[in-house]
1. Over chain A, average the accessible area per residue using a 1.4 Å probe and give it in Å², no decimals.
2. Compute accessible area for the range B:123-140 by itself and then with all protein chains, 1.4 Å probe, and report residues whose area falls by 40 Å² or more.
3. Rounded to the nearest 20 debye, what is the charge dipole size of chain B about its Cα centre when +1 sits on each Lys and Arg Cβ and -1 on each Asp and Glu Cβ?
4. To the nearest whole number, what is the average tally of beta carbon atoms from other chains within 10 Å of the beta carbons of peptide B:23-36?
5. Return the ratio Rg/(2.2 N^0.38 Å) for the range B:330-497, where Rg is computed over Cα atoms only.
6. Rounded to the nearest 10 Å², what accessible area does B:GLU341 show when all protein chains are kept and the probe is 1.4 Å?
7. Tell me, what ³J(HN,Hα) does each residue in the range A:42-47 have, in order and in whole Hz, if you take phi through Karplus 6.51 cos²θ - 1.76 cosθ + 1.60 with θ = phi - 60° and put x for Gly and Pro?
8. Report, as an integer, the average count of C-beta atoms from other chains found within 10 Å of each Cβ along B:95-107.
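The values are calculated or read from the model by the stated rules, or taken from the named source; none is laboratory data. All of these numbers come straight from a predicted model, not from anything done at the bench. We place every Cβ from the backbone using ideal geometry, glycine too, and count neighbours over all the protein chains shown. The protein model used for the area step is the full one, side chains on, heavy atoms only, and it has no ligands, DNA or RNA in it. Shrake-Rupley method; radii C 1.70, N 1.55, O 1.52, S 1.80 Å.
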Amino acid sequence: MDFVAILSIFVLACFVGYYVVWSVTPALHTPLMAVTNAISSVIIVGALIASAAAGSTSSKWLGLLGVVLASINIFGGFAVTSRMLAMYKKKERPAVAKH
Amino acid sequence: MEQVAVNPWVALAYLVSGVCFILALRGLSSPTTSQQGNRYGMIGMAIAVMMTLVTHVPTVSLIVEGDDYAAIFSRVDKSAVFEILAAIGVGAAIGIVTARRIAMTAMPQLVAAFHSLVGLAAVLVAVAAYLNPVAFGIADVVTPLIGQPFAVIHAVSRIEMILGVAIGAITFSGSVIAFLKLNGNMGGAPILLPARHAINLGVGLAIAWFAFHFWLTQSPFDFWLVVLLSFAIGFLLIVPIGGADMPVVVSMLNSYSGWAAAAMGFTLHNSAMIITGALVGSSGAILSYIMCRAMNRSFISVIAGGFGQSAEAGSGGGAKVDRPWKRGSAEDAAFLMSQAEQVIIVPGYGMAVAQAQHVLREMADKLKEHGVRVKYAIHPVAGRMPGHMNVLLAEANVPYDEVFELEDINSEFAQTDVAFVIGANDVTNPAAKTDKTSPIYGMPVLDVEKAKTVLFVKRSMGGVGYAGVDNDVFYMDNTMMLLADAKKMVEEIVKSLD
């Protein structure tokens with residue numbers, strides 16, 4: 001891909017991000033941070049490439065360390081997000097007060 | 001080696017994974033769709049990781065020489081595959097255990113720690129790409145007439161790489177400081193270096209200069225200097241910011257971690273990384289903006305740091321006249337609330353510190369048994385990160401349809417019998433509306449003073465809020481101060497409600 005094509009994806013994604021994030025309900029801002037954390041660890045792709053590449057041992061080990069760090073984030077981020085989201089409940093019964 | 005050709009199916013898979021990430025954020029528009037959104041996120045990540053694993057299988061080359069032939073075979077390097085899978089496994093174990101064990105009150109620290117990992121991972125990837133650019137398909141190998149062949153990194157990739165490493169390093173060191181502050185390993189108060197603005201500006205300019213020079217020369221000296229200086233400026237930027245400004249800091253670092261991922265996505269020509277980076281970057285930026293707006297402060301003034309410092313000194317010197325105030329007991333509070341038609345609870349960071357959310361919900365249940373309508377009012381900057389109070393209340397099984405944001409509930413205080421303020425202070429201060437000299441003037445606040453009665457749970461009368469300003473609500477005729485630890489006080493109220 002040439003630079004302009006990549007830049008187009010980036011710019012359009014910024015706009016998508018802008019509108020999608022404004023529509024996130026403020027009550028879920030903490031899960032939003034947790035899940036953005038998890039997905040930004042897609043940087044693991046770079047770490048995987050580095051650790052699979054031949055040619056430089058130091059590059060490979062840096063890559064592997066990157067894989068560990070990004071995996072912590074991916075698994076931890078998604079797990080903590082789903083743990084939080086599971087707590088958001090509506091009222092079980094519409095009429096609570098009977099007295 | 002030639003540029004690694006991009007298989008259109010691979011590019012398509014990364015695009016799909018990017019779309020999954022968009023859906024993950026989209027799902028958060030409502031609690032009912034959020035779980036599904038999170039699953040989209042996981043699917044997107046699985047696609048991206050699988051695709052990379054399949055297309056980048058580590059291989060070893062074997063040269064087989066026979067009597068009359070020589071051939072080069074390449075086969076899968078099993079030990080390298082094992083190492084990669086082991087690395088994922090180790091990370092997964094640490095991540096899942098941490099996510100299960102962490103207390104909800106510690107969520108700001110956890111998020112800061114996670115940000116630091118993204119930052120460090122970005123630095124590692126950028127360094128790895130710098131050391132082995134050919135593997136990333138971002139360099140041409142030049143064979144000179146004399147000497148060893150060497151890799152020349154593409155000019156565009158040099159910019160992307162140096163940007164990625166700089167943003168990653170800032171994210172890392174900044175998040176480490178934020179973590180230490182939020183976790184209490186480091187005082188929350190802003191630490192102010194003399195001439196810090198000049199130092200920051202100098203370091204910033206130096207980073208820009210060496211990055212520019214790296215673009216020209218691809219020299220390792222410039223590269224490592226940018227790494228070091230970026231670590232330093234991340235540290236310098238966050239150290240002077242403290243306490244209630246933390247929500248902005250955490251959001252800002254969230255944004256940086258996104259931009260770092262995007263920069264690496266540019267380097268690797270990977271659409272999933274670019275889309276994600278843009279999403280996360282704008283998400284953090286929007287959250288920072290929302291937090292700043294909720295404090296009526298400019299982003300620049302938050303970043304400049306030191307808020308609350310001068311005000312603390314001022315309140316001491318200002319020697320206020322002792323004004324009369326009323327102290328109430330748990331029984332009084334219980335009686336007032338049980339007679340009320342509607343009670344609005346205003347939680348703040350103090351509730352999180354005292355871990356009072358569970359007993360608070362018990363109190364609300366008891367009040368409902370008495371036929372009282374209970375609602376919760378959340379100020380955007382209550383707590384130490386965006387949405388902090390909502391998560392804590394959700395943890396305590398408070399239904400989310402009883403929890404309201406400032407603009408949705410503020411008009412209701414006038415028709416409310418009791419406003420129950422617990423662990424919040426500045427966000428209820430009417431001086432923000434009337435006193436132009438107040439440091440919090442212009443900040444949107446919850447109009448608790450309009451309620452018929454205000455019950456204010458506070459540790460003591462001595463302490464002032466983070467902004468260091470006195471709160472007129474304390475001294476109103478219809479205010480009753482409940483001076484105690486938040487959790488103990490609510491426990492006593494619950495007992496009295498029986």
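1. Details: 3900 Å² over 99 residues.
Here the residues of chain A average 39 Å² of exposed surface.
2. The answer is B:LEU124, B:VAL125, B:ALA128, B:LEU131, B:ASN132, B:PHE136 - residues whose exposure falls by at least 40 Å² when every protein chain is included.
3. Working: 30 positive and 37 negative charges, 112 e Å.
Result for chain B is approximately 540 debye, rounded to the nearest 20.
4. On the way: counts 1, 8, 10, 6, 6, 14, 7, 6, 9, 2, 1, 13, 5, 1.
For this peptide, the per-residue mean of nearby foreign Cβ atoms is 6.
5. 0.93
6. Looks like 130 Å² after rounding.
7. Rounded to whole hertz, the list is 4, 4, 4, 4, x, 5.
8. Details: counts 15, 7, 4, 5, 13, 4, 0, 4, 0, 5, 0, 0, 6.
Other-chain Cβ atoms within 10 Å of each residue's Cβ, averaged: 5.
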